[in-house]
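To start, the structure itself, in structure tokens.
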Amino acid sequence: MNIKVLFNDEAIDGRFSIGCGFSCLVDNSVLFDTGGSGEHLFHNIKIMGVDISAIDKVVISHDHWDHTGGLWKLLNVREDLKIYSCPGFSKEFKDRVKSLGVELIEIDSFTEIEDSIYVSGEIACVYHAKDMFEQSLYIKTDKGVTIITGCAHPGILKIIEKAKKNLKEKNIYSAFGGFHLKNKSREELIIIVNRFKELGVKKTGPTHCSGNSAQRLFKKIYKNNYIQVKVGQILEI
């Protein structure tokens, strides 16, 4: 199974548009997040030769503009998509999706949405003194479980632990996406990286909101098992 990186703040070369946000396409059919710009998303989709008609599900990790920004342009051309959200997303987001006549599926618990592809279910946390809700994507292949996160506001370790529990897996093949570690101290980052090892995470790719310090430390510890996550990449899992 492969994952195509469609939106991020880094790209493999200058052909691609970059910006704040994240998006990737799993097995050509499940889109995870949509980045911060529809124009950038569609530009990258075209460059990568993605068949939009093959996409049938969109999983939104959380209700922030840099993960939902490309959704509205996508829904202008694909009204038959299924949108997976958390029950705790804003009324504004839900109303806007429904106003376009698109099916909105609110998932509050661990759920398989396609063969071997799962959503974590709603995980609550407090962000900027407000309640917020986020979900992640879990994919099970012959290599093991891959975890994809939007921003991991509830905590990347909590998300990994939840995946291990729900999928009853001892080890995790890979975990990548936004880890939201940019404000962590070096001491905190060392604890987190060591915990990744204890949890049996073989490969990892912090990106987006993870922060440069976290990326450098993960790269130092994981060496050849560090994943560079850039627009234009196709990751095999």
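Taken together, the values in this text are just the output of simple stated rules run on the coordinates, not laboratory data. Note that this is a predicted model, so its numbers are computed, not measured. All Cβ positions, glycine included, derive from the backbone under ideal geometry; neighbour counts span all protein chains shown.
Of note:
- Gain upon complete extension [M1, K220; 0.36 nm per residue less C-alpha separation]: 76.1 nm
- Placing dummy labels 7 Å off each Cα toward the beta-carbon, the span from S90 to I47 is 2.9 nm.
- For the chain, a Gaussian network of Cα nodes joined below 10 Å ranks G121, G49, G144 by mean-square fluctuation, and the top entry is G49.
- For semi-axes √(5λ) of the Cα gyration tensor in Å, computed directly from the structure shown, the correct entry in (1) 32, 20, 16; (2) 26, 20, 17; (3) 29, 22, 17 is (2).
- Taking the C-alpha atoms only, the angle from helix 186-198 to the longest principal axis of the chain is near 90 degrees.
- Summed side-chain charge close to K143 - residues other than K143 whose Cβ falls under 12 Å, Lys, Arg +1, Asp, Glu -1: 0
- Lysine pairs meeting the criterion (Cα under 23 Å, 8 or more apart or interchain), as found in region 1-113: 19
- When each of D142, D63, D95 is scored by the number of other beta-carbon atoms lying within 10 Å, the sequence from fewest to most is D142, D95, D63.
- Packing-based exposure ordering (other Cβ within 10 Å, fewest first) of D66, D131: D131, D66
- By the count of neighbouring beta-carbon atoms within 10 Å, fewest first, T146, T141 end up ordered T141, T146.
- Using a Förster distance of 22 Å, the FRET efficiency for S109-L157 (Cβ separation, nearest 0.05): 0.65
- Most mobile of K91, K158, K140 in a GNM of the chain (Cα contacts under 10 Å): K91
- Fluctuation leader among I45, I148, I105 - the chain, Gaussian network, Cα springs under 10 angstrom: I105
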